[in-house]
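Please read the structure below before turning to the comments.
The values are calculated or read from the model by the stated rules, or taken from the named source; none is laboratory data. From a predicted model like this one, the values you see are computed outputs, not experimental measurements. Because the Cβ atoms are built from the backbone with ideal geometry, glycine has one as well, and the counts that use them run over all protein chains shown. The protein model used for the area step is the full one, side chains on, heavy atoms only, and it has no ligands, DNA or RNA in it. Shrake-Rupley method; radii C 1.70, N 1.55, O 1.52, S 1.80 Å.
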Amino acid sequence: MRDYLLTLCVTAAVTYLLTGPVRKFAIAAGAMPEIRARDVHREPTPRLGGIAMFFGLCAGLLVADHLPNLNSVFELSNEPRALLSGAALIWLIGVLDDKFEIDALIKLGGQMIAAGVMVMQGLTILWLPIPGIGTVALTQWQGTLLTVALVVITINAVNFVDGLDGLAAGMVCIAAAAFFLYAYRIWYGFTIEAAAPATLFAVILMGMCLGFLPHNMHPARIFMGDSGSMLIGLVLAASAISITGQVDPDALKIFEGSTREATHAALPVFIPLLLPLTIIAIPVADLVLAIVRRTWNGQSPFAADRGHLHHRLLEIGHSHSRAVLIMYFWSALIAFGTLAYSVHSASMWIVLVIVALSAIGLVLLLLPRFTPRAPRWAEAFVPPRYRRRRTVRPVAPEAGEPSSGEEEERVTVPAGVNGATALSALPELHDRRKAGTRG
């Protein structure tokens, strides 16, 4: 565990330190596209954050190769080299897209080629544990098609969810943390060396996301762009592929009986193996809904719009930060709930806790629909959105004063807004600055 923590820290540090220079390079290179109709941010923000994340990936693999407890991963398996080859290819495609906006079909072809490069070097699914049947060996073509499909789906799922500051990096970091705990349990708890590469990939992915998040939280100073979103999607898919179909279920030896009975009885253990996309269930659901929505409207499945889940949270009334935190909450609930159920499936408490947390999540999700209003005496202690709106009524002229014959217009001022700022004559301030007077 100490070597994994060191790898995590080095990856995060390299990514964090390089993101600042990469931001300056992106501004100089003109990788700051204009704000589109579907964008949420208000100012042009540089992309190419994936450059720092890719070098963080390289640093993590380099450090792990020189650690005594992790060096065996590189000696006994070719999967780290396969990951680096596929990641380099998908990263180059992402960099070109961040700068020149290449066609969606070209990106799709590049994703399939990157997945094929990993398959050619041994990072592929060899078999699947199917409940009620047992371990099913896949042919070369079946394994290749399944691997390519998993890589493409995961990459696009992460890419689709990258719509708010810090959303994609945070959700992938949560998924990687849950997957790391599961893979580490398989590797260390059952001494299965085949799970070691997946454990290493997951901890490096966590470092990439943690190092980039401080620069990407709202308000973001830099975006990861497609060079970053496709990269972390590929690394997450590689972690799932490395342990799905690479770890023989019979090697676990935790159930007795025939292979069919063992596989059926071990269903909770195989949940992350059979359904690795459950750790990014929300991005995958967003991907499926986007394809159905666009196809139903007669649009291309790759056409961008403002119908994603995070856009709908903003339309409900959530702030930018709260929408991101809600997505974090549901990602963590699904990922760690699946992990807990796979470890202790017989415990009813886990199911009850998941149900209770789901109810809390629904309340938080619908909170803007039922925004309470604080009483007058408590308005000073609550955020402005919970205060009642105050109305400024017109002042009647005193007796003896001539009336202008015109009634003042009623002005509504939101509570908590500075009156001087809201009602002062801004043109006067503008004229003073024009005249050279410092206010």
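Mind checking whether some residue in region 104-114 is assigned to a helix (DSSP H, G or I), buried (at least 20 other Cβ atoms within 10 Å of the Cβ) and charged (D, E, K, R)?
Yes, region 104-114 has at least one match.
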### Task
Sort out which residues of region 56-91 are acidic (Asp, Glu) and either in contact with a strand residue (DSSP E or B) (Cβ under 8 Å, 6 or more places away or on another chain) or closer than 24 Å to residue 109 by Cβ (or both), and write them in order of number.
79
### Query
When you go through 123, 146 one by one, which is the residue that is surrounded by 17 or more Cβ atoms within 10 Å (Cβ to Cβ), in contact with a helix residue (DSSP H, G or I) (Cβ under 7 Å, 6 or more places away or on another chain) and on the phi < 0 side of the Ramachandran plot?
123
### Query
Does residue 264 fit the bill of being at pLDDT 65 or above, more than 30 Å from residue 64 (Cα to Cα), open to solvent by 40 Å² or more (accessible area, probe 1.4 Å) and of a type outside the set (Ser, Thr, Tyr)?
no
## Note on the structure
In region 70-94, anything in a helix (DSSP H, G or I) and closer than 17 Å to residue 187 by Cβ is listed as 71, 72, 73, 74, 75, 76, 79, 80, 83
### Query
If you scan region 329-367, which residues turn out to be in a helix (DSSP H, G or I) and of a type in the set (Ser, Thr, Tyr)?
331, 338, 341, 342, 358
### Query
Just to be sure, is residue 148 within 18 Å of the chain's Cα centre (by Cα), free of Cβ contacts under 8 Å to residues at least 60 places away in the same chain and in a helix (DSSP H, G or I)?
no
### Task
With the condition kept exactly as written, say whether any residue in region 216-228 is touching a helix residue (DSSP H, G or I) at 6+ places or on another chain (Cβ under 7 Å), in a helix (DSSP H, G or I), free of Cβ contacts under 8 Å to residues at least 60 places away in the same chain and under 26 Å from residue 32 (Cβ atoms).
no
